[in-house]
Amino acid sequence: MIELKDAVVCVTGAARGIGRCTAAALAARGARVWIGDVDGAAVAETASDLGVKGRLLDVTEPEGFRSFLEAARADGPIDMLVNNAGIMRMGAFSEQSLAGHHHEIAVNLAGVVNGTYLVLPDMVARGRGHIVNVASMAAKVTTPGIAVYCATKFAVAALSRAVRAELHGTGVTLTTIMPAATRTELTSGVSLDLQPTLRPEDVAEAIVASARHGRREVTVPRWLAPMGALEQALPEPALETLKRVVTRHRPPGDFDPEERRAYLDRTGP
């Protein structure tokens, strides 16, 4: 359990969306918050707005991640890391670029590996610390049109579970957060009319609460937790039919290109 008042907490992908809301909620509880984001101008603006410290951070670059954490350690040992940075590319798997697939894997999975790897030694040595890896319900329920996104979030959940077993008895906790579709720029241009959706503040509150309870996996909202078991139990043809109904028989990964343009331009390639 982490007492957030005066705790040093780092949040990645925090210039906007879930990361920004998480940083705001942490700061409101008295934490000394450091935020990082690949959008340098946006992270500087967000840091100023929230009264926290911010730095340019590309989570795919280990040395840059190391420098970000070292800067945060000027305020003291890192008590909590929120690996939130992530992107979602959409469309049929074979119709997207291979470079785009690799970039998505680098941000969503390698970024989590980098952050977790870099903070764990100090946390274990101190016998305390908390890591939050933000995955997705896509780790439990596969969705046509976001195949690589699903794969990366499944991998984050599996990585977290394996590392958690290694941390037994160390005093360090690791929580995997699995939100449903959240109304942020990541889902811009996407029809979510038949899906449960969240505000980024809802996910932020679940992340902050995990510092207190340290639960292993948290689904947001919690009533969606059985969906992973349902995916495993139902015959695949039945699941495919259900998913076509939920997406109103749209093509895999269908989105409005104009509404999504700013997000695609920012997250390339």
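The values are calculated or read from the model by the stated rules, or taken from the named source; none is laboratory data. Every value quoted in this text rests on a predicted model; they were computed, and no experiment measured them. Using ideal geometry, Cβ is built from the backbone for each residue, glycine included, and neighbour counts are taken over all protein chains shown.
Can you report the number of residues in region 163-222 which are hydrophobic (A, V, I, L, M, F, W, C) and in a strand (DSSP E or B)?
Qualifying residue count for the region: 8.
Residue 2 - would you say it is of a type outside the set (D, E, K, R), touching a helix residue (DSSP H, G or I) at 6+ places or on another chain (Cβ under 8 Å) and surrounded by fewer than 22 Cβ atoms within 10 Å (Cβ to Cβ)?
yes
Restricting the search to region 1-25, which residues are touching a Lys or Arg at 6+ places or on another chain (Cβ under 9 Å), hydrophobic (A, V, I, L, M, F, W, C) and modelled with pLDDT of 95 or more?
The answer is 4, 7, 8, 9, 11, 14, 21.
Out of (1) over 21 Å from residue 264 (Cβ atoms); (2) assigned to a loop (DSSP other than H, G, I, E, B); (3) hydrophobic (A, V, I, L, M, F, W, C), the odd one out for residue 47 is which?
(2)
Of a type in the set (Val, Ile, Thr), modelled with pLDDT of 95 or more, under 12 Å from the mean Cα position of the chain (by Cα) and crowded, with 18+ Cβ neighbours inside 10 Å: is that true of residue 172 in this structure? Step through it out loud before you land on a result.
Working: of a type in the set (Val, Ile, Thr): yes; modelled with pLDDT of 95 or more: yes; under 12 Å from the mean Cα position of the chain (by Cα): no; crowded, with 18+ Cβ neighbours inside 10 Å: yes.
No; evaluated as a whole, the condition is false for this residue.
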